[in-house]
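Chemist: Have a look at this one before I ask anything.
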Amino acid sequence: MSKNEKELKNHSCECDDETCECDTITLELEDGTTEEFMILDTIEHKKKNYIALAPLEGDEYFIYGFTEAKDHVEFFSIEEDSEFDNVAKIFEKRFAEEEEEEA
């Protein structure tokens, strides 16, 4: 797994994964192809925005920073390891809390 990837244990909607109606976003990748991702969660931390995205076919998720402009959203890799680790811990805590609520 690369630095921006985390293992996806499950996601927060009540679907059977085949007919998932979660919020999704289609992104153009660096090689020009497109891929659809499920939006797991967004957070604001230290005045920056972050998003956790999971490919529809996979068992991992990615964490990126993002900025919003009038007509688009720009994603960026989190360069600092400590920043990434802090944000990842926040997402993991939120996902664990959601999992506990469902149990």
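The values are calculated or read from the model by the stated rules, or taken from the named source; none is laboratory data. Given the structure is predicted, the values throughout are model-derived calculations rather than measurements. Cβ atoms come from the backbone with ideal geometry, glycine included; neighbour counts cover every protein chain shown.
Chemist: Select, from Leu8, Leu29, Leu40, the only residue that is surrounded by 12 or more Cβ atoms within 10 Å (Cβ to Cβ), at pLDDT below 85 and among the hydrophobic types (A, V, I, L, M, F, W, C).
Modeler: Working: Leu29 fails: surrounded by 12 or more Cβ atoms within 10 Å (Cβ to Cβ); Leu40 fails: at pLDDT below 85.
Criteria check complete, one pass: Leu8.
Rundown of residues vs (1) part of a loop (DSSP other than H, G, I, E, B); (2) free of Cβ contacts under 8 Å to residues at least 12 places away in the same chain; (3) closer than 20 Å to Glu35 by Cα, yes/no style:
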site: Gly58; (1), (2), (3): yes, no, yes
site: Tyr64; (1), (2), (3): no, no, yes
site: Phe75; (1), (2), (3): no, no, yes
site: Val87; (1), (2), (3): no, no, no
site: Glu92; (1), (2), (3): no, no, no
